[in-house]
Amino acid sequence: LANTLARLGRLDEAETHYRAAIALDPLDALALSNLGGVLTRTGRYAEALDVLRRAAALRPDDGQVMFNLGQTLLRLRRTDEAVAALLAAARARPDLPDAPRELALAWRERGDRAGAESFLREALRRAPDFRPALNDLAWLLATGPDESPARRQEALELAERLVASSEEASPDHLDTLAAAYAGVGRFNEASATARRALDIAHQAGNESFADALRRRIDRYGNRHGWVEP
């Protein structure tokens, strides 16, 4: 029941039922791990870490347990510990793309764009339509400081594929597509796409993201791409 509630996004209810399951069996590593995942999704990282360490002590070879632990450590910026857990998760579950994608985030934290790209491509090798990795790789290629025209074009193809495959327009995905348009010199389309993302961010009340979009729209209006250091 807790798993179903978590998939539906009803996280408070899911937490209640995970805790009930753990009260019945305190050594249920998967319930502990899933509770930790819910706590991470609600931003309670320190509390999640305590629960996930208990799960990892019980099931150190379980890919999902180690993934949840690594993801939480990464959110806490404990990057070296996160990398160790995520590498263990990637080895335990070679079929899933989540761990390589999180490892890419860790490598970006370290300022290693090439390493991040390698992990994102591994995630897409495992699951070619995995949207988080599609988005991240397109953004990386679209906004790098020294990307070739061929890589800028690849960014656009990835971003167009990402947006076309989404049932609802995501401001994050539109932001990436706008950056990719700008990367190949299609500034009018970049501005128009970024404004679509801005409208959605406004409607969602996400003003910090809206501010970032406005800065990018200014760049596109001046016929400049968005480049990250």
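The values are calculated or read from the model by the stated rules, or taken from the named source; none is laboratory data. Keep in mind the model is a prediction, meaning the values are calculated, not measured. Neighbour counts are summed over all protein chains in view; Cβ atoms, including those assigned to glycine, are modelled from backbone coordinates with ideal geometry. Just the protein is used for accessible areas: all its heavy atoms, side chains included, with ligands, DNA and RNA removed. Shrake-Rupley method; radii C 1.70, N 1.55, O 1.52, S 1.80 Å.
How about segment 199-229: which of its residues are within 12 Å of ASN188 (Cα to Cα) and loosely packed, with under 14 Cβ neighbours inside 10 Å? Even if it seems obvious, please write down each step before you answer.
Step one: of segment 199-229, the residues within 12 Å of ASN188 (Cα to Cα) are 217-225.
ASP218, GLY221, ASN222, ARG223, HIS224, listed by residue number.
From (1) open to solvent by 30 Å² or more (accessible area, probe 1.4 Å); (2) among the charged types (D, E, K, R); (3) in contact with a Gly (Cβ under 7 Å, 6 or more places away or on another chain); (4) under 23 Å from LEU69 (Cα atoms), pick out the condition that doesn't hold for GLU102.
For GLU102, the exception is condition (1).
Between a residue in segment 138-150 that is farther than 9 Å from GLU228 by Cβ and in contact (Cβ under 8 Å) with a residue 60 or more places away in the chain and any residue that is aliphatic (A, V, I, L, M) and in a loop (DSSP other than H, G, I, E, B), which pairs come within a Cβ distance under 9 Å, given they are 6 or more apart or on different chains?
As it stands, the answer is ALA142/VAL184, since those pairs meet every condition given.
Of the residues ARG53, ARG59, ARG78, ARG19, which is open to solvent by 40 Å² or more (accessible area, probe 1.4 Å) and out of contact with any helix residue (DSSP H, G or I) (no Cβ under 8 Å at 6 or more places or on another chain)?
Working: ARG53 fails: out of contact with any helix residue (DSSP H, G or I) (no Cβ under 8 Å at 6 or more places or on another chain); ARG59 fails: out of contact with any helix residue (DSSP H, G or I) (no Cβ under 8 Å at 6 or more places or on another chain); ARG19 fails: out of contact with any helix residue (DSSP H, G or I) (no Cβ under 8 Å at 6 or more places or on another chain).
That would be ARG78, the only listed residue that is open to solvent by 40 Å² or more (accessible area, probe 1.4 Å) and out of contact with any helix residue (DSSP H, G or I) (no Cβ under 8 Å at 6 or more places or on another chain).
PRO100 - would you say it is farther than 20 Å from TYR45 by Cα and more than 13 Å from the chain's Cα centre (by Cα)?
Numbers: farther than 20 Å from TYR45 by Cα: yes; more than 13 Å from the chain's Cα centre (by Cα): no.
So PRO100 does not fit the description; no.
(1) part of a helix (DSSP H, G or I); (2) crowded, with 18+ Cβ neighbours inside 10 Å: which one isn't true of GLU147, the others all being true?
(1)
Out of GLY111, GLY115, which single residue is free of Cβ contacts under 8 Å to residues at least 12 places away in the same chain, open to solvent by less than 30 Å² (accessible area, probe 1.4 Å) and out of contact with any strand residue (DSSP E or B) (no Cβ under 6 Å at 6 or more places or on another chain)?
Details: GLY111 fails: open to solvent by less than 30 Å² (accessible area, probe 1.4 Å).
Just a single option satisfies the conditions, and that option is GLY115.
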